[in-house]
Amino acid sequence: MDSFDVRPYLVSIHDMEFFEDDAEQAADNLNAMLYALVREAESSDYWNSEKIEQLVVEISEMWVRELGLIETEVDELEDYITHLVHRIEQDGQNEQLDEG
């Protein structure tokens, strides 16, 4: 698989105005999550660009106003993403087995 370009999906301080004084931290944390997502997904054969893009969009929409972005350490957010990616892979593989 070609490398997925996450840059168009990264957020800036201006995208995170909801967080007011913490907008920079919120943007940095969400971007770290997106980079972690792509890094994890690209290490597996399960993921293709379409699946990665769908998850990037879902994560972005889900977290853009989530206070957990500034209340949680970056490594914990990255762990959350790692577990999410692996759970989706496992669920997808289980569905393939059920269909087969």
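Before moving on, here are some points about what is shown:
- Interatomic Cα distance distribution for the chain, bins of 5 angstrom, percent: 2, 13, 23, 22, 17, 11, 6, 3, 1, 0, 0
- Selection from ALA26, VAL64, GLY92, by position along the positive dipole direction of the stretch 19-99 (Cβ): GLY92
- Structural descriptor for the chain: relative contact order 32 percent, calculated from alpha carbon pairs under 8 angstrom and at least 6 residues apart.
- Counting beta carbons within 10 Å around each of TYR9, TYR35 and listing the fewest first gives the order TYR35, TYR9.
- Among residues other than PRO8 with Cβ under 14 Å from its Cβ, the summed charge is -2 (Lys and Arg +1, Asp and Glu -1).
- Helical contribution to [θ] at 222 nm, DSSP H n ≥ 4, -39,500 (n - 2.57), averaged over the chain, rounded to 500: -21000 deg cm²/dmol
Rule-based calculations on the coordinates, nothing more; no lab input. Quantities reported herein were computed from a predicted structural model and do not represent experimental measurements. Positions of Cβ are generated from backbone atoms using ideal geometry, with glycine treated the same way; all protein chains shown enter the neighbour counts.
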